[in-house]
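The values are calculated or read from the model by the stated rules, or taken from the named source; none is laboratory data. Quantities reported herein were computed from a predicted structural model and do not represent experimental measurements. Positions of Cβ are generated from backbone atoms using ideal geometry, with glycine treated the same way; all protein chains shown enter the neighbour counts. Heavy atoms of the whole protein, side chains included, go into the accessibility calculation; ligands, DNA and RNA do not. Shrake-Rupley method; radii C 1.70, N 1.55, O 1.52, S 1.80 Å.
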Amino acid sequence: MRLLFFALSTAGYGETVIGTSLAQQLRPLGVQSHFVISAISEPVLRRSGLPHTRIDQEMGPLARLIVDDLVQTYRPDAIVLADYFTFTGVFQNRYRLQPWFIEEYGLPVLPIDIWEWEKTSFAIDMFDEDRHVDKRILEMPAHLRPVPLAHPEIEGRAYPFRLWEGTERVSRRTRQHLFTTFGLGPRDRLVMLPVANWQQLPEDRYDSSIGTHALRGVPRLLAHYLAQLPETTHFLLIGQAPPEFGELPAERTHVLPPCSPARFSTLLGSCDLVLSLNIGATTLARAITSDIPGIALTNSFAVPGTDAVEQVAERLGGLTDFVREWLTGMVPLHRLRMWPLGFHDFLEPILTANPYTDAFPDIELLDEPAVVQGIERALYDAETRDRYAAARAAYLTLLDTQVDTRAAFTEAASRAGLTL
């Protein structure tokens, strides 16, 4: 069987990693895969060894000619969208193409459904408005869901597969070498703060009062929290980190330029903790499935004006002076599960009764004591670390017993009229 994957994110490659992981897991079944990608994903494809074709935004509608030629020469049996949400917007917004031209090829379409769309209203709470999404996925006979983030059970037409097979853990020698390079000692702890390109470089469509506040203000708040951690705590930032992180202790902050996927994996596997402002982040999922501690930070409070600050204080049992002053100067602030966009209400169905959320703590961003103490205990308190390790182990056991990528794909393909 030959699959043609579309992985066209232009500001990050989490979806591409999910797609290449699926393709690699299907190789033992004799499945061949070819990827259509944007420039940002080329390092991922080079590392994977999977063949790929790149299209660029400058091509505009002419990009279809390349896809037409690829379908004619490669002769795929099916098309895989990695992922559905990105696909629905990229061709229309970047290439001025109606995305469903792919249906003219007469091939089954299998979408990778990261967000469990059937459980949503097809509207994403982004900044201060809802963004509506095409419902065409409801017409497709089978959906592929990556675990994590999705639920591990087969549900109707939805078939779960492992987002990541293997581990990012590195040897003790590799970790020691990295620590020595950074000037860290054996008692030091290293925290990775992953920030994707789309979080660092907002585009015009992100320009709103709420978006600007969150983009600039949240890193400043987080830097205030992190500066309170023990002096043996170091911070690893990769890429163009938000300038507000410049408030972190310079001697304990390690900023690296964008690096290859292989180098990133080594850095991830050497860390003591992944701290994420995006509960749906691929990096957080890769950490958890590699038995690396992780913490997500969430803001569950909409604060439209200063009069709402006291309501937040009441619900949290109080606010520190710093957070109160910061929040008063920040309003309006929207609810956040994926900084700086929002996605709070949209992600509620996928997180409800999801065992993935038991594998790491999810801490309220505006609760300063909880954030500072939660990170410190995750790094230094043996009892806390053991408890979190047990939670990760339970989740990994569940994945091993419930999620079989090759079996799930075989069933999904059959439902779409394909035979392996």
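Observations, loosely collected:
- In plain terms, the C-alpha convex hull of the stretch 159-258 casts an average shadow of 9.3 nm² when viewed from every direction.
- Shown here are the Rg and Dmax of the Cα trace of the chain, at 21.6, 64 Å.
- Once the Cα gyration tensor of the stretch 59-212 is diagonalised, semi-axes √(5λ) in Å: 35, 23, 20
- Relative to the longest principal axis of the Cα atoms of the chain, the long axis of helix 368-380 lies at roughly 80 degrees.
- Percent carbon-and-sulfur accessible area, the chain, ignoring ligands, DNA and RNA, probe 1.4 Å: 48 percent
- Each of Ile363, His132, Met1 was scored by the projection of its Cα onto the charge dipole of the chain, and the greatest displacement toward the positive side belongs to Met1; charges sit on the C-beta of Lys, Arg, Asp and Glu.
- Probe 1.4 Å, protein heavy atoms only - accessible area per residue of the chain in square angstrom: 41 Å²
- Nearest 10 degrees, 0 to 90: helix 321-330 Cα axis against the chain principal axis: 50 degrees
- Each Lys and Arg contributes +1 and each Asp and Glu -1, all at the Cβ; summed about the Cα centre of the chain, the dipole is approximately 1540 debye.
- Mean projection of the Cα convex hull over all viewing directions, computed for the stretch 19-119: 6.9 nm².
- On Cα atoms only, tilt of 209-226 relative to the major axis of the chain in degrees: 60 degrees
- Look at the alpha carbon pairs under 8 Å that are at least 6 residues apart: their mean separation over the length of the chain gives a relative contact order of 17 percent.
- Percent antiparallel among DSSP beta bridges (both partners in the chain, rounded to 5): 20 percent
- Alpha-carbon centroids, the stretch 1-43 and the stretch 121-178: separation in whole Å: 14 Å
- Descending by average beta-carbon neighbour count within 10 Å, the peptides 329-336, 150-157, 1-8, 67-74 line up as 1-8, 329-336, 150-157, 67-74, the highest first.
- Percent of Cα pairs exceeding the 18 Å cut-off, where the set is the stretch 178-322: 62 percent
- Counting only DSSP H runs of at least 4 residues, each contributing -39500 (n - 2.57), and dividing by the residue count of the chain, the helix-based mean residue ellipticity at 222 nm comes to -11500 deg cm²/dmol.
- Considering only the stretch 208-346, percent of DSSP beta bridges that pair antiparallel, nearest 5: 40 percent
- Cα pair distances of the stretch 261-360 binned at 10 Å [whole percent]: 14, 36, 30, 17, 2
- Computed packing ranks the peptides 383-393, 238-248, 112-122 as 112-122, 238-248, 383-393, most packed first, by mean other Cβ atoms within 10 Å.
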